[in-house]
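Some notes on the structure that comes next.
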Amino acid sequence: MKLEGKIAVVTGGARGIGAEICNKLAEQGAIVYSCDLGVGEFQNDNIKSEILNVVDREGVANLVQKIKEKYGKVDILVNNAGITKDALIQKMTEEAWDAVIDVNLKGVFNLTQAIAPIMMENGIGSIINLSSVVGVYGNIGQTNYVATKAGVIGLTKAWAKEFARKGAKVRTNAIAPGFIKTPMTVDLPEKVIAGMIEKTPLKRLGESEDIANAVVFLASDDSSFITGQTLGVDGGLTI
Ligand SMILES: NC(=O)c1ccc[n+]([C@@H]2O[C@H](COP(=O)([O-])OP(=O)(O)OC[C@H]3O[C@@H](n4cnc5c(N)ncnc54)[C@H](O)[C@@H]3O)[C@@H](O)[C@H]2O)c1
């Protein structure tokens, strides 16, 4: 097992991609905290469900303190929680803008600010941020979401530099999924889904497992010389 004895925090772990990330990390021997607005259903006893809103800084601080007191470390942070509130710019409300920026960017900031110092202290860690292909090439009707996902690519590079100071082997990478079958995308019109498949060289939608496998790679020592990168897991959509 690649992650025996590692402690992992996964935001948005209750369903979709996040739930599969929790399962795969635990399969590789990690103890995993799934932090979400809801409780996940997991078979593996090494996955603990914690109710957490990533926007709530006090809640984040309390949870991270609890984990630190118990284990003295956090090895892996997966900033996966994310929401969409799509609209063309003319129709996008300030509330929709703020909500998406809050969860998808401030949430990432909150968790990383709480956990990165623990990793720096221990001299090792892996942070993995969920971006999106639309953060690379944009999308109509997703001004707020695209801004956050492009922002995640930028802060990943900043943190790769910042957290590798003083000899610390704290790596930060992003994953930019293509179109993945999850509750987030399930309600999209058939036509949109067929169009995405047509544009994808590998001619299929992604599965949560495709993303979780990439997370395991970036969390493990197999990627020990990789930092600051955005790994496209998109069936070739962005080439
Ligand atoms: N599904 C795709 O096609 C796709 C593509 C590119 C990127 N992504 C990104 O991957 C990540 C996971 O997407 P998904 O499709 O599994 O989404 P999803 O909607 O199925 O799951 C997201 C999870 O995040 C949780 N969450 C939302 N707001 C939260 C908050 N404030 N605090 C804590 N948890 C919160 C939800 O409760 C849910 O369990 C997101 O960051 C998303 O932007 C998804």
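The values are calculated or read from the model by the stated rules, or taken from the named source; none is laboratory data. Here the structure is a predicted model, which means the values were calculated and not measured. Glycine gets a Cβ as well: all are built from the backbone with ideal geometry, and neighbour counts include every protein chain shown. These accessible areas exclude ligands, DNA and RNA; they are computed on the full protein's heavy atoms, side chains included. Shrake-Rupley method; radii C 1.70, N 1.55, O 1.52, S 1.80 Å.
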**Message:** Can you pull out the trypsin sites (Lys or Arg not before Pro) in the stretch 153-214 whose DSSP state is coil and whose Cβ has at most 10 other Cβ atoms within 10 Å?
**Reply:** LYS203
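In whole angstrom, how long is each semi-axis of the equivalent ellipsoid of the stretch 36-77, when you take the square root of 5 times every eigenvalue of its Cα gyration tensor and sort them from largest down?
On the way: eigenvalues 63, 51, 12 Å².
They are 18, 16, 8 Å, listed from largest to smallest.
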**Prompt:** How are the Cα pair distances of the stretch 56-113 distributed, in percent, across 5 Å bins from 0?
**Reply:** 4, 17, 22, 19, 13, 10, 7, 4, 3, 1
**Request:** Please provide three numbers in whole Å: the alpha-carbon extents of the stretch 103-153 along the principal axes, with the largest listed first.
**Result:** 43, 16, 10
**Fill in**
Gyration tensor on Cα atoms of the stretch 1-81, a ≥ b ≥ c root eigenvalues, a/c under 1.5 rounded, else prolate if a/b beats b/c, else oblate, says oblate
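Relative contact order (percent) for the chain, with alpha-carbon contacts under 8 angstrom and 6 or more residues of separation?
On the way: 490 pairs, mean separation 46.1, N = 239.
Normalised by residue count, the contact order of the chain is 19 percent.
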**Message:** For the stretch 166-239, compute the orientation-averaged projected area of the C-alpha convex hull (one quarter of its surface), in nm².
**Reply:** 5.9
**Item:** Pair LYS106, LYS166: separation of 7 Å Cα→Cβ label points (nm)
**Value:** 2.9
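Looking at the stretch 66-156, what % of the alpha carbon pairs are farther apart than 20 Å?
Numbers: 1687 of 4095 pairs.
Value for the stretch 66-156: 41 percent of Cα pairs lie more than 20 Å apart.
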**Asked** Size of the stretch 79-219 along its principal axes in angstrom, Cα-based, largest extent first?
**Response** 51, 37, 23
**Message:** For the stretch 1-141, take every pair of Cα atoms, bin their distances at 10 Å starting from 0, and report each bin as a whole percent.
**Reply:** 12, 41, 32, 12, 3, 0
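A 18 angstrom limit on the alpha carbon distance is what I want to check against. Which of LYS106/LYS169; LYS48/LYS106; LYS85/LYS149 exceed it? Don't jump to the answer; show the numbers that get you there.
Working: LYS106/LYS169 24 Å; LYS48/LYS106 23 Å; LYS85/LYS149 13 Å.
Exceeds cut-off: LYS106/LYS169; LYS48/LYS106.
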**Cα→Cβ-extended label distance, 7 Å offset, between LYS85 and ASN46, nm** = 3.8
**Asked** Most mobile of VAL192, VAL103, VAL136 per a Gaussian network model of the chain (Cα springs, under 10 Å)?
**Response** VAL192
**Prompt:** What residue among ASP36, ASP56, ASP75 has the largest mean-square fluctuation in a Gaussian network model of the chain, using Cα springs under 10 Å?
**Reply:** ASP56
**Complete:** Taking N as the number of residues in the chain, the ratio of its alpha carbon radius of gyration to 2.2 N^0.38 Å works out to 0.96
**Message:** Just to verify a number: what accessible area does LEU105 come out at with the full protein assembly present, 1.4 Å probe, Å² rounded to tens?
**Reply:** 40
